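Everything below concerns the one structure shown next.
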Amino acid sequence: MLTNAVHVFVRTAPGDGFGLPLRRPLMAQYFVIHPTHPQPRLLQQAAQIVHGGGLIVYPTDSCYALGCQIGNKEAMERIRAIRQVDEHHHFTLVCRDLSEIAHYARVDNSAYRLLKAVTPGSYTFILHATREVPRRLQNPRRKTIGLRIPEHPVAQGLLTQLNEPLLSSTLLLPGDELPLNDAHEIRERLEHQVDLVLDAGSCGIEMSTVVDLTGEQPQIVRLGKGDPSFFGVAA
């Protein structure tokens, strides 16, 4: 029977004799979810796990990603540990629609027109953050944040259930050249480090195209799955 509990155990740190409570799953839950018509019950349970402080693996329209609640600092640090990235790593807020993006980023008229033309889709946009974004999630120098609106039905269904964005990072593990794409392998490698794996089958290994919209003209930061021709760059 599926459960939505988030597992916690207590570990004693070597040499200090004190019990340190750490949120770590004894074993990740594993939901096989339909890629185009996701089961509402599973989406609800996944959202409950996120709201309960859990860290999940979920599919997007480019590749699998790690996701947690925006305000969950501990889960964010778990992502850093899994990815082995430092405090300068640019996290992404994965949003349902343009209205959510406008809540977390400053979007002028020209940027809005571009966003409207290419979303939902396999793009991540760098924009100046609003005050709604915690400072620890912003680029420390530029005060920017990455945002995207995925087209994948599972990601969209989950965001609807959450009623808020996911703090997210591509599931690219240290030493790997490409993101993980097989949910069974993801489960084997991360079953003691995440709380849930949402298996929607293959969703690809090509990361999103990253576009910086903070300047006068859009700038392609990373060429990925999203078609760059919308921004005046040849594919």
**Report entry** For region 30-43, Karplus couplings with θ = phi - 60° (6.51, -1.76, 1.60), whole Hz, Gly/Pro x
**Finding:** 9, 10, 8, 10, 5, x, 10, 10, x, 5, x, 4, 6, 5
Requested in this report: At 7 Å along the Cα-to-beta-carbon direction for both Leu98 and Glu188, put a label point, then send me their distance in nm to one decimal.
Outcome: 4.5
Query raised in the report: Rg and Dmax of the chain over Cα atoms: what are they, in angstrom?
Result: 17.7, 60
Query raised in the report: In region 69-217, what percentage of the DSSP-assigned beta bridges are antiparallel, given to the nearest 5?
Result: 55
Report task. Would you mind putting 82-88, 127-133 in packing order, based on average other-beta-carbon counts within 10 Å, highest first? Result -> 127-133, 82-88
Report task. Would you compute, from DSSP H runs of 4+ residues alone, the mean residue ellipticity of the chain at 222 nm, taking -39500 (n - 2.57) per run and dividing by the full residue count, rounded to the nearest 500? Result -> -7000 deg cm²/dmol
Requested in this report: Quick one: work out Rg over Rh on the C-alpha atoms of region 36-91, Rh as Kirkwood radius.
Outcome: 1.01
Query raised in the report: Using a 1.4 Å probe, what is the accessible area per residue for the chain, in Å²?
Result: 49
Report task. Write down, largest first, the equivalent ellipsoid semi-axes of region 70-201 in whole Å, where each equals the square root of 5 times an eigenvalue of the alpha-carbon gyration tensor. Result -> 25, 18, 13
Query - Square roots of 5 times each gyration tensor eigenvalue, C-alpha, region 41-141, largest first, Å - result: 23, 18, 13
Report summary line: The convex hull of the Cα atoms of region 154-235, divided by residue count, gives a volume in Å³ per residue of 143
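The values are calculated or read from the model by the stated rules, or taken from the named source; none is laboratory data. The structure displayed is predicted, hence computed values, not measured ones. Because the Cβ atoms are built from the backbone with ideal geometry, glycine has one as well, and the counts that use them run over all protein chains shown. Protein only, heavy atoms only, side chains kept; ligands, DNA and RNA dropped before computing areas. Shrake-Rupley method; radii C 1.70, N 1.55, O 1.52, S 1.80 Å.
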